[in-house]
Amino acid sequence: MKKFLILLISISLLISCKKKREISEEQYNPEWEKVFPGIWESKVNQPDEFNLLSVANKNPRAETLVKKTETDFPLSANEIKTYTKKGRTVLHFPLEKGEQIYGFGLNFKTVQQRGRILRLHVDHYGGKDDGRTHAPVPFFVSSKGYGVLINTARYIDVYVGTGVRADSKNPPKAKDRNTDKNWSAQPYSDNLEMVIPAEGVEMIVFAGENMLDVIQRFNLYCGGGTLPPKWGLGFWHRTPTLFTEDDIQNEIDGFSEKDFPLDVVGLEPGWHTKAYPCSFEWSPERYPNPAEFIKKTANQGIRLNLWMNPYVYPEGKLYEALLPYAGTNTVWNGIVPDYTMNEPRKIMQEHFKKYQFDIGISGLKIDEVDGHDRWLWPDAAQFPSGKDGEQMRQTYGLQMMSLTDEVFREKNERSYGLIRAANAGSVSYPYVIYNDYYDHKNFITALINSGFCGVLWTPEVRSSKTAEEWLRRMQTTCFSPLAMINAWADGTEPWSYPEVYKQCQDVAFLRMQLLPYLYSTFADYHFNGTPPFRAMNLEEGFGYNAEVEETKFNATKNPYSEAVKKEVKDQYMMGKNILVAPLFAGDKGRDVILPEGNWYDFYTGKLVGNGEIIHVKDGFENIPLFVKDGGIIPMIPKIRQTSEWVQNTPLEIRVYGTAPGELVLYDDDGSTFNFENGSYTTKKLTATNGKGSIEDLHNSDQWVYGDVRWKFMNSSEN
């Protein structure tokens, strides 16, 4: 027996040595295999089988990708270099002069990433764009029309045009700081380098006709964007932590009496018997008969969404069942189940189904799957599946999205919810990111960046110092993927600032009127990969050249002053045709940068400019909105709830400018996954020479609209 064990150990050592010999420690050019038009894959040495896309477990939308335009490989293959040494894989990509890099996840302060150093690490956002964020997606897109995804569940160190290599093709010139005023603390760099703590990695390169096309292919490769249920695009209100059934009903009644839109009410930690960690059991004191209560709210057109974090309280039905599948470390003394394993996944899914989803809960708010380090498990943690703390940190948000999405799919019910962490591959999951960071301007920058990396973000409203700030925040949340007041801590309501209530009510109703446009925009996200909210840099004709500003020299605080470019991070596109330019508290007006082509005021239809910077004065009543020439905006009458968006709803189709325009209007049943089997309707709306027409593209019985009225906003009546 002893000899047999020695033989097995010897064989294992030989196999291990052979594997190590297979890992190249020499720098080399990786080989690329085309998998779809404009998409190539490459595996460097021995990538981990456990990666971001394997956890997301979504298939590419092949039927769309195969129809994409063929493109050549977008980089000089011989300039992409890699090597693996001492358990680390290094990647090198070339950069050209003037090339800008976007992406690398949900950043809150910056849009352009060239010149930055990042550690891509799932974490609570701490106020600095250093890669530690809720969605550190390892995907970047270049202004040259290509993108790269690094498919690994490891932390990644990224140097975006910062390190200057000795073998550079275009090395910077050395300058004497003593005598040369043009000396720079950050010399020009023509390369992008990444370090992954693994003995191999998978890379995917995307090419397209422009940056937007590249991002579309990336989203389609990851499964295509989520299509929320119609109710998910209505207005949401999250209630204080310890609200009871009666408190919730009073809140619902208040929205009805005040005539304010409301589709979803969120219940915070108090619905659990125990929270932080969670029992996942209904509190009998606050919710004695949850099934009856949910039925009652549903009859009022209200969906309920439940807050949770995924850590299991020591007292409760789930603890003993999940304990054998928990990691070595706890969070708030709650166990951390390993949901990469089938058994604990099944246990949790059955619990959700029986006690929450089958009695009518429509979705979840999944909290605390991001950070901080002092709260979550350390990287040294181990899990029963063999995964370590780092791999689980990078993917736990993905695991929770996948686990819950499977249950709703089995029920053939679409869900929509909130989460604190995501990563590459989450694009098709029905979750929107939120956080505890509360800077309004940075919220808009995050909304812009979400379009580069396949995630959704909401600039939710909680509280404000002034009525003006309250209004400005309300306006921006109504032009985001999820419009919501989060009153869990202080009980704020839309009418908390009476002096601006009318304006808040108006913008909420405007969102409801725009539901046909917004729903069609999300359909474009699902079927074509087009991000519904995106940066101006992705808009055709946006040729803004950022001004360069010098940081002020200070011998003590800033002895290495640098020149930085101003970024466009406070205006964005919603769908194909609407440019949103938010105002912030204290603004008396703002500049808006228009792409080439005529642009029109959304509210009046008046021409405002063409490829120029315009100044908008303080429009206290409205958030500034602009529509491109030929832009088509389908709208419905004011409704308070999406349950009023019913058969034969009248449709007003607004047309802006004089250029020919078209838009694909989408409709389905609004709640099931039947659309994936063809049960949906699309019609092409076309406007030419002051006349509108409607062409059938894909017909089914799903069509909610009745009478159609065309309204040409450039006519004299406007």
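The values are calculated or read from the model by the stated rules, or taken from the named source; none is laboratory data. Keep in mind the model is a prediction, meaning the values are calculated, not measured. Neighbour counts are summed over all protein chains in view; Cβ atoms, including those assigned to glycine, are modelled from backbone coordinates with ideal geometry.
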Residue ranges of strands (runs of 3 or more DSSP E) in region 527-620 with at least 2 members over 18 Å from Ala659 (Cβ atoms) and at pLDDT 95 or above: 533-535, 572-574, 589-593, 613-617
Considering residues that are under 16 Å from Ser54 (Cβ atoms) and in a loop (DSSP other than H, G, I, E, B), the number found within region 369-416 is 4
Per the list (1) on the phi < 0 side of the Ramachandran plot; (2) touching a residue at least 40 places away in the same chain (Cβ under 8 Å), residue check on Val461 breaks on (2)
Quick one: what pairs do we get from region 39-54, first residue without any contact (Cβ under 8 Å) to a residue 24 or more places away in the chain and in the same structural domain as Arg88 (by TED's automatic domain parsing), second of a type in the set (A, V, I, L, M, F, W, C) and surrounded by fewer than 19 Cβ atoms within 10 Å (Cβ to Cβ), C-beta under 8 Å, 6+ apart or different chains? none
Yes or no: region 188-206 includes at least one residue that is in contact with a helix residue (DSSP H, G or I) (Cβ under 7 Å, 6 or more places away or on another chain), modelled with pLDDT of 95 or more and in a loop (DSSP other than H, G, I, E, B). no
Please state which of the following conditions Asn648 fails to meet, knowing it meets all the rest: (1) surrounded by fewer than 15 Cβ atoms within 10 Å (Cβ to Cβ); (2) in the same structural domain as Asp587 (by TED's automatic domain parsing); (3) modelled with pLDDT of 95 or more. (2)
Looking only at region 669-694, filter to residues that are over 30 Å from the mean Cα position of the chain (by Cα) and farther than 24 Å from Gln513 by Cβ; which one of those is modelled with the highest pLDDT? Thr688
Criterion first (at pLDDT 95 or above, crowded, with 24+ Cβ neighbours inside 10 Å and either more than 13 Å from Tyr339 (Cβ to Cβ) or over 16 Å from the mean Cα position of the chain (by Cα) (or both)) does Asp405 satisfy it? no
Residue match in region 602-617 (condition: in contact (Cβ under 8 Å) with a residue 60 or more places away in the chain and on the phi > 0 side of the Ramachandran plot): yes
Reported set for region 233-259 where residues are among the small types (Gly, Ala, Ser) and in contact with a Ser or Thr (Cβ under 8 Å, 6 or more places away or on another chain) is Gly234
Here are some conditions: (1) touching a strand residue (DSSP E or B) at 6+ places or on another chain (Cβ under 8 Å); (2) crowded, with 19+ Cβ neighbours inside 10 Å; (3) under 28 Å from Leu482 (Cβ atoms). Thr642 meets all but one. Which one does it not meet? (1)
Take the residues in region 43-102 that are basic (Lys, Arg) and at pLDDT 95 or above, then tell me which one is farthest from Asn423 (Cα to Cα). Lys67
I want to confirm something. Restricting to region 123-180 and keeping residues that are basic (Lys, Arg) and at pLDDT 95 or above, which single residue is nearest to Ala207 (Cα to Cα)? Lys144
Only one of (1) at negative phi; (2) in contact with a Pro (Cβ under 8 Å, 6 or more places away or on another chain) does not apply to Gly454, and that is (1)
Conditions first: (1) of a type in the set (Ser, Thr, Tyr); (2) in contact with a helix residue (DSSP H, G or I) (Cβ under 8 Å, 6 or more places away or on another chain); (3) free of Cβ contacts under 8 Å to residues at least 40 places away in the same chain. Ser643 passes all but one, so which condition is the exception? (3)
Unique residue being under 21 Å from Leu538 (Cβ atoms) and in the same structural domain as Lys68 (by TED's automatic domain parsing) when the list is Asn170, Asn182, Asn210: Asn210
What single numbered condition from (1) of a type in the set (Asp, Glu); (2) within 30 Å of Ile252 (Cα to Cα); (3) outside any loop (DSSP other than H, G, I, E, B) fails to hold for Asp669? (3)
Considering only helices (runs of 4 or more DSSP H) wholly within region 439-513, the ones with at least 1 residues that are under 18 Å from Lys365 (Cβ atoms) are 440-453, 467-477
Pairing a residue in region 619-640 that is among the small types (Gly, Ala, Ser) with any residue that is assigned to a loop (DSSP other than H, G, I, E, B), where Cβ atoms lie under 6 Å and the two sit 6 or more apart in sequence or on different chains, gives Gly630/Gly657; Gly630/Ala659; Gly630/Pro660; Gly631/Asn577; Gly631/Tyr656
Inspect all residues belonging to region 104-114 and state whether any of them is crowded, with 23+ Cβ neighbours inside 10 Å, at pLDDT 95 or above and not in a loop (DSSP other than H, G, I, E, B). no
Kindly indicate whether Glu460 is farther than 24 Å from Ala535 by Cα, acidic (Asp, Glu) and surrounded by fewer than 24 Cβ atoms within 10 Å (Cβ to Cβ). no
